[in-house]
Amino acid sequence: MSRTFNFSAGPAMLPEDVMRQAAHEFLNWNNSGMSVMEMSHRSPEYMGVAHKMEADLREIMAIPDNYKVIFTHGGASLQFAAIPMNLAEQGDTVDYLDTGVWSHKAIKEALRYANVNVVAEGGSDNPTEIPNHSTWTFSPEAKYIHVCVNETITGLELKDDDLDIVFAQGKPVIADMSSNIMCREIDVSKYAMIYAGAQKNIGPAGLAIVIVREDLLGHARQDTPTLMNWDVYANNESMFNTPATYAWYLAGLVFQWIKKIGGVAEIAKINESKAHKLYAYIDASDFYSNSISEHNRSWMNVTFNLANSALEKTFLDESKSAGLLSLKGHKAFGGMRASIYNAMPEDGVDALIQFMDVFAKKYA
Ligand SMILES: *Cc1c(COP(=O)(O)O)cnc(C)c1O
């Protein structure tokens, strides 16, 4: 099979230019006679890779100087526990918005370490809309407010008007951006801490990124494991132990690719166009539908159902044959899901729409 368009939710497709460069450099990086994978993480060559990767990330996200950037193992999920451990004492109250499965998981883990106040209840396992702002109840005692900015399974994304209410509370805002980091420009200074697993919009699995304001460091609970203490990472250039060196390198290539395209502002224009045309096609069709409230539809994960669900298997078989992979929705939500992260070219979305249209006419 030749190279396809892969709509997987994560691990997800990476930019073809990045994959080609990595392949080209695989056996012999920069005339060093070794692969990046084989280098000591403390060698000057590798430190050069690591420093450039961080500098490029800081540049493309415009991360202010009073923020540390930390690279960790354990995915976004390890941060579900690290967040309360670094920011709250046992018995402290913390605020969480509940907008879907990833919010539930963060809440479940935080409950081990703190008293969780659920600000906004999604009302079901897979909410399709953000609860009305008038129902949100923040706790005056909360040490921080946690949000999952993009619920990957349903494709439900918090927008500026939702986030503005959170920022207005004047508390440290902690944001899971695993599936929408760098999809558009954001003002990092509004957040206390941002985190993301790499395998959706950044690079290969095995790496998570934490962007944390410096004044939040140094307050971890006494019993916090060393490798969950953000302070330890910040003081050791994220090399207290051996980092995921090859994943860092590949993430670095992705950041260079974003810069070459013109930065996150340019990527955002492409993302908006991709999402807009896919939703517009679905809305105009009687054959497909999307159940997420229009205002909060995700740019990154577009879910849809076939009016006749008996055709789902045929849809998946035929789309795969057409070189459009991994369109099956998450089992918790059903239906289809097209994850169209930064690395998905607009041609991929055009090809998907064209396929959907041919399929609809064939089976209508
Ligand atoms: C995928 C995902 C996670 C979990 O990431 P891991 O790296 O597998 O731990 C957490 N939050 C969101 C929003 C996700 O999409």
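The values are calculated or read from the model by the stated rules, or taken from the named source; none is laboratory data. The model shown is predicted, which means the values in this text are computed figures rather than measured ones. We place every Cβ from the backbone using ideal geometry, glycine too, and count neighbours over all the protein chains shown. In case anyone asks, the SASA skips ligands and DNA or RNA and just uses the protein heavy atoms, side chains included. Shrake-Rupley method; radii C 1.70, N 1.55, O 1.52, S 1.80 Å.
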Given a 1.4 Å probe and every protein chain left where it sits, what share in percent of the accessible area of the chain is carbon and sulfur?
50 percent
When the helices in the chain are scored as -39500 (n - 2.57) per DSSP H run of 4 or longer and the sum is shared across all residues, what 222 nm value do you end up with, to the nearest 500 deg cm²/dmol?
-11500 deg cm²/dmol
Using a 1.4 angstrom probe with every protein chain in place, what is the largest-first accessible-area order of Phe255, Phe167?
Phe167, Phe255
Sparsely packed GluC sites (Glu not before Pro) within the range 7-106, loop by DSSP, other Cβ within 10 Å at most 14:
Glu89
D for the range 81-181, whole µm²/s, Stokes-Einstein with Kirkwood Rh over alpha-carbon pairs at 4 °C and 1.567 mPa s: what number?
97 µm²/s
Once amide H atoms are built 1.01 Å from N in the peptide plane, which residues 5 or more positions from Val302, or in another chain, come under 5 Å H to H?
Ala338, Ser339, Ile340
With only alpha-carbon atoms counted, please give the Rg and Dmax of the range 183-227, in Å.
13.2, 37
Would you be so kind as to identify which of Ile186, Ser134, Ser124 lies farthest towards the positive end of the dipole of the range 122-197, taking Lys and Arg as +1 and Asp and Glu as -1 on Cβ and the Cα centre as origin?
Ile186
Gyration tensor verdict on the range 75-123 (Cα atoms; rounded if a/c is under 1.5, prolate if a/b is larger than b/c, oblate otherwise)
oblate
Reachable aspartates and glutamates, given that their alpha-carbon falls under 13 Å from the alpha-carbon of Lys260 and they are not under 8 places away in the same chain:
Asp17, Asp56, Glu59
What would the Debye formula give as log10 I(q)/I(0) at q = 0.20, 0.22 Å⁻¹ for the alpha-carbon point model of the range 5-108, no solvent?
-1.24, -1.29
The range 113-125 - phi-based ³J(HN,Hα) in whole Hz, Karplus 6.51/-1.76/1.60, Gly and Pro as x
10, 7, 9, 8, 9, 7, 5, 9, 8, x, x, 8, 5
Solvent-free Debye scattering, log10 I(q)/I(0), computed from the Cα coordinates of the range 122-182 at q = 0.18, 0.23, 0.28 Å⁻¹
-0.69, -1.10, -1.40
Of the DSSP beta bridges with both residues in the chain, give the percent that are antiparallel, rounding to the nearest 5.
55 percent
Positive dipole terminus of the range 263-363, leading residue within Ala351, Asn301, Gly334 (C-beta point charges):
Gly334
Cα-only Rg/Rh for the range 263-363 with Kirkwood Rh rounds to 0.95
With +1 on each Lys and Arg Cβ and -1 on each Asp and Glu Cβ, how big is the dipole of the chain about its Cα centre, in debye rounded to the nearest 20?
800 debye
Looking at the chain as a GNM with Cα springs under 10 Å, which of Thr72, Thr93, Thr303 has the largest mean-square fluctuation?
Thr93
In a solvent-free Debye calculation with one equal scatterer on each Cα, what is log10 I(q)/I(0) for the range 145-214 at q = 0.19 Å⁻¹, listed in the order of the q values?
-0.75
List the relative contact order of the chain as a percent without decimals, with contacts defined as Cα pairs under 8 Å and 6+ residues apart.
23 percent
Could you go through the range 171-185 in sequence order and give the Karplus-derived ³J(HN,Hα) for each residue, using 6.51 cos²θ - 1.76 cosθ + 1.60 with θ = phi - 60°, rounded to whole Hz, and x for Gly and Pro?
9, x, 9, 10, 10, 7, 10, 3, 10, 9, 4, 6, 7, 7, 6
Of the listed links Lys274/Lys313; Lys200/Lys259; Lys52/Lys320, those spanning more than 30 angstrom between alpha carbons are Lys52/Lys320
Would you mind working out the magnitude of the charge dipole of the range 94-171 relative to its Cα centre, with +1 at each Lys and Arg C-beta and -1 at each Asp and Glu C-beta, to the nearest 20 Debye?
380 debye
Scan the range 219-249 for chymotrypsin sites (Phe, Trp or Tyr not before Pro) in coil per DSSP, keeping those whose Cβ has at most 16 other Cβ atoms within 10 Å, and list them by number.
Phe240
Taking the reciprocal of mean 1/r across every pair of different Cα atoms in the range 149-261, the Kirkwood radius in Å is 15.7 Å
Hey, if we sort Thr314, Thr135, Thr154 by accessible area with the 1.4 Å probe, largest down, what's the order?
Thr135, Thr314, Thr154
For Lys190, net neighbour charge (Lys/Arg +1, Asp/Glu -1) across residues whose Cβ lies under 11 Å away:
-2
With the dipole of the chain defined by +1 on each Lys or Arg Cβ and -1 on each Asp or Glu Cβ, the option from Tyr195, Ala23, Ser238 whose Cα lies farthest towards the positive pole is Ala23
More than 33 Å apart: what percent of Cα pairs in the chain qualify?
31 percent
Calculate, for the chain, the solvent-accessible area per residue in square angstrom, rolling a 1.4 angstrom probe over the heavy atoms of the protein chains.
43 Å²
Net charge of neighbours whose Cβ lies under 11 Å from the Cβ of Ala142, counting Lys and Arg as +1 and Asp and Glu as -1
-1
Amide H partners (placed H, <5 Å) of Asn6, local residues excluded
Leu325
Short version: ³J(HN,Hα) in whole Hz for each residue of the range 240-254, in order, from phi by Karplus 6.51 cos²θ - 1.76 cosθ + 1.60 (θ = phi - 60°), x for Gly and Pro, what are they?
5, 10, 5, x, 7, 4, 6, 5, 4, 4, 5, 4, x, 5, 5
